[in-house]
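Peer 1: One structure coming up, written as structure tokens, with questions to follow.
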Amino acid sequence: MKSQLWNSKKIVITGGTSGLGKQLAIQFSKTGAKVVVIARRIELLQKLKREYPKIDVIQGDISSKQETYRLAAEIISKLNKVDLLINNASYLGYTPLRLLLDTECEDFEIVLQTNLIGPFRLTKVILANMVLNNEGVVVNISSDAAISSYPTWGSYSVSKSAFDHLTKIWQKEVEGTGVKFYALDPGDMFTPMHLDADPSAKEENLLDPKNVAVDMIKFLEVGHKYNVVRWSAEEWRKVL
Ligand SMILES: NC(=O)c1ccc[n+]([C@@H]2O[C@H](COP(=O)([O-])OP(=O)(O)OC[C@H]3O[C@@H](n4cnc5c(N)ncnc54)[C@H](OP(=O)(O)O)[C@@H]3O)[C@@H](O)[C@H]2O)c1
């Protein structure tokens, strides 16, 4: 993929070793962007680095309060500034998914730490840098579960719903600074997370995360023309 727009841009992707995040990292790297990926499992980070040496990797857990500042410091030391932050890493909660009444409070807490509070902390640190530079884009990966109340998807849905709302409020608060926020639902993709939620899911019925990544990059080239923050999987594809 070649788009002059992304050449030399500095991009951070959380959860960039699997599924959508990995495909976004690969596709952005092909455009000449400088990509840094954050994830926990060292073996997946090393594999990504071996296969795509231009992609930089940082091991870290975005749900951990203690790690936020170390992660932010490593990002800034590798990139100096950040043009695009993609908060993509996410946790479903214990699988098989269960009713809220059967959900451990501790697991509910980890879902919120991973999908909401961790990204909030990381964004705060990086956003300060963006606001000072008068430019930058933050993409928060959403889900249809943010809107629909699916039984057994409680913790995840609540976290994604709050994440959407956080995104919309943040957009209002940075109006006029040159920074843009999006909440983007990628649609149902054939990824390890989807299989964790539904082990019987069939690849042929789901989106290929590589195609989603390619389309999402195209969307980010035109999305600023619209005064919309939260986009469903159908909406953002319509404007490609
Ligand atoms: N798949 C779908 O059908 C679907 C539908 C709607 C929305 N989404 C959203 O799309 C995004 C990507 O999902 P996916 O299906 O591509 O997921 P995935 O294949 O399971 O990949 C998740 C990535 O996040 C990383 N990660 C998880 N917890 C982390 C943590 N605490 N700290 C740092 N990294 C962490 C994982 O690596 P480590 O485990 O090594 O950390 C991995 O790289 C998510 O936000 C998801 O909610 C997915």
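Peer 1: So, in region 95-126, how many residues would count as being exposed (fewer than 13 other Cβ atoms within 10 Å of the Cβ), in a helix (DSSP H, G or I) and either aliphatic (A, V, I, L, M) or in contact with a helix residue (DSSP H, G or I) (Cβ under 9 Å, 6 or more places away or on another chain) (or both)?
Peer 2: 2
Peer 1: Same structure, new question: Please state which of the following conditions residue 153 fails to meet, knowing it meets all the rest: (1) open to solvent by 60 Å² or more (accessible area, probe 1.4 Å); (2) near the ligand (Cβ under 10 Å from one of its atoms); (3) of a type in the set (A, V, I, L, M, F, W, C).
Peer 2: Unmet condition: (2).
Peer 1: I would also like to ask the following. Would you check which residues across region 143-201 are among the hydroxyl-bearing types (Ser, Thr, Tyr) and part of a loop (DSSP other than H, G, I, E, B) and list them?
Peer 2: Listed by number, the residues that qualify are 143, 148, 149, 150, 152, 177, 191, 200.
Peer 1: Would you pick out the residues in region 166-193 that are out of contact with any Pro (no Cβ under 6 Å at 6 or more places or on another chain) and within 18 Å of residue 237 (Cβ to Cβ)?
Peer 2: Answer for region 166-193, where residues must be out of contact with any Pro (no Cβ under 6 Å at 6 or more places or on another chain) and within 18 Å of residue 237 (Cβ to Cβ): 182, 183, 184, 185, 186, 187, 188, 190.
Peer 1: Ok, one more. Failed condition for residue 239, given (1) open to solvent by less than 40 Å² (accessible area, probe 1.4 Å); (2) more than 14 Å from the ligand (Cβ to nearest atom); (3) closer than 28 Å to residue 76 by Cβ; (4) of a type in the set (A, V, I, L, M), with all others met?
Peer 2: Going through (1) open to solvent by less than 40 Å² (accessible area, probe 1.4 Å); (2) more than 14 Å from the ligand (Cβ to nearest atom); (3) closer than 28 Å to residue 76 by Cβ; (4) of a type in the set (A, V, I, L, M) one by one, residue 239 breaks only (3).
Peer 1: Regarding residue 197, is this residue buried (at least 18 other Cβ atoms within 10 Å of the Cβ), more than 21 Å from residue 148 (Cα to Cα), small (Gly, Ala, Ser) and in contact with a Leu (Cβ under 8 Å, 6 or more places away or on another chain)?
Peer 2: no
The values are calculated or read from the model by the stated rules, or taken from the named source; none is laboratory data. Since this is a predicted model, take the numbers as computed values, not measurements. Heads up, the Cβs are rebuilt from the backbone with ideal geometry, glycines too, and the neighbour counts pull from every protein chain shown. Please note that ligands, DNA and RNA were not included when accessible areas were found on the heavy atoms of the full protein model with its side chains. Shrake-Rupley method; radii C 1.70, N 1.55, O 1.52, S 1.80 Å.
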